[in-house]
Amino acid sequence: MTETFKVGVLRKAIDVTGVVQGLGFRPFVHRLAQECNLAGFIANTPVGVTIEVQGDSDCVERFLERLSAEIPPLAKVASLVPRDTEPQSGTAFRILSNRLDAPPQAPISPDVAVCGDCLREMMNPRDRRFRYPFINCTNCGPRFTIIRDIPYDRARTSMAAFRMCAMCQAEYDDPDNRRFHAQPNACWDCGPQLQLWSADGSRIDLAEPLREAAFLLEHDSILAIKGLGGFHLACNARSESAVNLLRERKRRVEKPFAVMLRRIEDVERFCRVDDGARKLLLSQERPIVLLPNRPESGLAGGIAPRNRFLGVFLPYTPLHQLLFSSGKYDALVMTSANLSEEPIAIENDDAVRRLRGIADAYLVHDRDILRRCDNSVVRLAAGRPQMLRRSRGFVPVPVPLERDSEPTLAVGGELKNTVCVVRGNEAFLSQHIGDLDNLDSYAFFGEAVEHLRRILEVRPKAIAYDLHPDYFSTKWALAQEGVQLVGVQHHHAHIVSCMAENHLDGKVIGIVLDGGGHGTDGAIWGGEVLLADCADFDRAAHFEYVPLPGGTAAIHEPWRVAVSYLTQHFGAELSKLNVPFLQDIDPRKLQVVLQMIDREIHSPRTSSCGRLFDAVAALAGIRSTITYEAQAAIEFEMAGHDSTDDGAYPFDLTPDGPHWQIGTLSLFEAMLRDIQRQESAADISRRFHAGLAELFVELAENIREQSKLNRVCLSGGCFQNVLLFQLLIDGLRAKSFEVYFHSEVPAGDGGLSLGQAVVASYRSQ
Ligand SMILES: [Zn+2]
Ligand SMILES: [Zn+2]
Ligand SMILES: [Zn+2]
């Protein structure tokens, strides 16, 4: 049957791709279509939503304008393409239910901090959700951490256990309601509830567990709190004794704690906050942001000893907000509930078992956390956010890639592990998994791989892994069958990770300064300049090898590396050198280490820049042993921030065929002179950082001359060092290099899996 339509009637189909499902996008479009007097429908598609609207042409135009301009805050639209289509009959605008027939490939949204509307309701005594700790709507609340399977609807989340009451159901069914299809929708009558448990895990019968929890925090107790992605340990951040007690019980000697602050105004009292930082702190992702602290702020000194930065964040769940409004404190230490590098606890009973002797009480609830997800950590450097740990709030938002690839899985490295799945032209990085050298993390690694594969519905054709034969991730990859296996050199993966997030193709000069990774010659690399593209690389320059006496033992005892460098340069003269740090070393241990170096026993060779940092930090008297990863290098950097000296230590560049060797004899001679003159550690640190930056600028210039390449990529864990990062970027830009660095993905090993995946996809093409 043909119908006639009056002149001027238009029907447009609009395909919208991106993260648009379950975020209030469909009700928004519904409202907008009604306001513009349009008929049609909106439906979910495998990659987003499809909208068809029909009406007077000026109404359709107005709709299209407003659609682009008023997109709901949480939606991340990748593309929005209108096209003409044939008018049809019908006058209503309808929301079609989920297309369950189509392959459910639309991306899942990350967890989102509680929104302003929900907060206002929660604080309103007349609202039915007054003080309800699990209030949420389509604009906020848990997502990734409660999802069991796809497509995303309540039955496939940990909210399936809660049957909505009539009022919640009515909101859920009403397209004009803010809670239309809000899967975790709940209230006091039908949703999850809080409980307070004592130290032994027995339930304390209380009308208001929250007020009691706040009382405990006021009185210096240590409270385990179930959050969005796992348990955290909390205590009053102004109480020196509570912070010390937490350190003692958690056996965490000096590694800085993160602090949750009540309001943005409180952050401004404790830290120096600029506009960029304010935006990050208040973003829906609510990451921990590293900010320069104000030492006179009144926070316990034990929170971040000898560190000029403080990791702070704002409350991101309704429960956190209620904790702050219920107690007399404005700052809470909030640290992952685990022992050292184990994965964070997520189950109530498991938390009680693992936190025995640490927590005085447990604030728990009955909504299961299905996906463990630590807090994300970000800092601002070179005017951009720099991701240090990409987890809650960011996962599983994909990193867009330049080109399509076969489904690929990359299994990452060993420390700070993440895995990555590429589907089409998108790379999905997992949450932070941690260090794989313990059983629980290794189990979590397996779960994370499985979960990503399931929610993305891909069967990887290739698996990329690190060349280090002893990495657990490598062993896991090599045990997989029926799939192409691609080994990727560690530092090549770092550079390609940087290239991928900056959408670079072709060849670049890659400067990788890192703790260490397996080199193609079997040595531990980590101070490298590579000529790299996405498929392959040549090594253009590296630090001279030194023995690493004791392997990983040397990482925990930086003095060993200092001794190794001094022996390399001064041989037997070492004992005659007048350097104070040598006097503090047990002479028998020193003798053993000297023998190990001399006889090449358990002393792998390394060009690691991280180890060079350790050596100079020990030599400068900063510290000879460490209690957490990279502590010596971090404290050495902190010292350098306090100096305005404009000197720079020299390095020795020697051509070796088309390559360059970087020697450190001149560096150590100059440093020793300064130490004997009793120059300050601050000035020594500054001169080292400046020298390192000048060295790599000079190297880049030499390589540019040979290769005609002008693009420089920076990657590797050492670029978490802001002083080095800034000096090097400034130096390279002053010589007109195009400089690329990480922002969305960590420069350290947390970003390795992205680079591995991209290398594998280029190699298989
Ligand atoms: Zn909300
Ligand atoms: Zn309800
Ligand atoms: Zn690395």
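The values are calculated or read from the model by the stated rules, or taken from the named source; none is laboratory data. The shown structure was predicted, so the numbers you read here are calculated from the model rather than taken from an experiment. Cβ placement follows ideal geometry from the backbone for every residue including glycine, while neighbour counts extend to all protein chains displayed. The area values use the complete protein model at the heavy-atom level, side chains included, leaving out ligands, DNA and RNA. Shrake-Rupley method; radii C 1.70, N 1.55, O 1.52, S 1.80 Å.
Things to note:
- Cα long-axis angle, helix 25-35 against the chain (0 to 90 degrees, to the nearest 10): 40 degrees
- Solvent exposure of the chain as accessible area per residue, Å², 1.4 Å probe: 39 Å²
- The packing ranking of peptides 500-506, 690-696, 701-707, 411-417, highest mean first, is 411-417, 690-696, 500-506, 701-707, where packing means the average number of other beta carbon atoms within 10 angstrom of each residue.
- Only protein heavy atoms count here; under a 1.4 Å probe, residue 128 has an accessible surface of about 70 Å².
- Residue 578-residue 58 pseudo-label distance in nm [points 7 Å out on the Cα-to-Cβ vector]: 9.1 nm
- Given charges at beta-carbon only (K, R positive; D, E negative), |dipole| of region 319-404 in Debye: 320 debye
- Ranked packing of 578-590, 508-520, most packed first, by mean Cβ within 10 Å: 508-520, 578-590
- The spacing between region 261-307 and region 683-748, judged by their C-alpha centroids, is 28 Å.
- Note on residue 68/residue 308: beta-carbon distance plugged into 1/(1 + (r/R0)^6) with R0 of 56 Å gives a FRET efficiency of 0.80.
- Only helices enter this figure: runs of n ≥ 4 DSSP H residues, each worth -39500 (n - 2.57), summed and divided by the residues of the chain, yield -10000 deg cm²/dmol at 222 nm to the nearest 500.
- On region 397-498, 49 percent of the accessible area sits on carbon and sulfur atoms, based on a 1.4 Å probe.
- A simple spin-label model places the labels of residue 457 and residue 269 5.2 nm from each other, with each point 7 Å out along Cα-to-Cβ.
- Charging the Cβ of each Asp and Glu at -1 and of each Lys and Arg at +1, and nothing else, the dipole of region 692-765 about its Cα centre rounds to 260 debye.
- Rolling a 1.4 angstrom probe over region 18-92 with all protein chains present gives an accessible area of which 48% lies on carbon and sulfur atoms.
- Rolling a 1.4 angstrom probe over region 692-747 with all protein chains present gives an accessible area of which 44% lies on carbon and sulfur atoms.
- The chain: translational diffusion in µm²/s, Stokes-Einstein, Kirkwood Rh over Cα pairs, 4 °C, 1.567 mPa s: 46 µm²/s
- Relative contact order for the chain, counting Cα pairs under 8 Å that sit 6 or more residues apart, in percent: 11 percent
- Relative contact order (%) - region 605-652, alpha-carbon pairs under 8 angstrom, separation at least six: 28 percent
- With only the Cα atoms considered, region 527-602 has a convex hull volume of 123 Å³ per residue.
- With Cα atoms, 0 to 90° folded angle of helix 240-250 axis to the chain main axis: 80 degrees
- Total charge dipole magnitude, region 248-387, about the Cα centre, Cβ charges on Lys, Arg, Asp, Glu only, Debye to nearest 20: 360 debye
- Under conditions of 4 °C and 1.567 mPa s, region 167-288 yields 73 µm² s⁻¹ as its translational diffusion coefficient, taking Rh as the Kirkwood radius over Cα pairs in the Stokes-Einstein equation.
- Inter-label distance, residue 661 to residue 130: 7.8 nm, where each label sits 7 Å from its Cα along the C-beta direction.
- Cα centroid separation, region 56-73 to region 368-416 (Å): 33 Å
- Efficiency of FRET from Cβ geometry, residue 215 and residue 627, R₀ 30 Å, rounded to 0.05: 0.35
- The relative contact order of region 580-694 comes to 25 percent, based on Cα pairs under 8 Å that sit 6 or more residues apart.
- Ranked packing of 751-762, 730-741, 215-226, 614-625, most packed first, by mean Cβ within 10 Å: 751-762, 614-625, 215-226, 730-741
- Cα long-axis angle, helix 587-599 against the chain (0 to 90 degrees, to the nearest 10): 90 degrees
- Segment residue 402-residue 356, length gained on full extension (0.36 nm per residue, minus Cα span): 11.7 nm
- FRET efficiency, residue 325 to residue 241 (Cβ-Cβ, R0 25 Å, nearest 0.05): 0.50
- Region 482-509-region 585-612 distance, computed between alpha-carbon centres (Å): 32 Å
- Extension gain from residue 149 to residue 193, taking 0.36 nm per residue of separation minus the Cα-Cα distance: 13.5 nm
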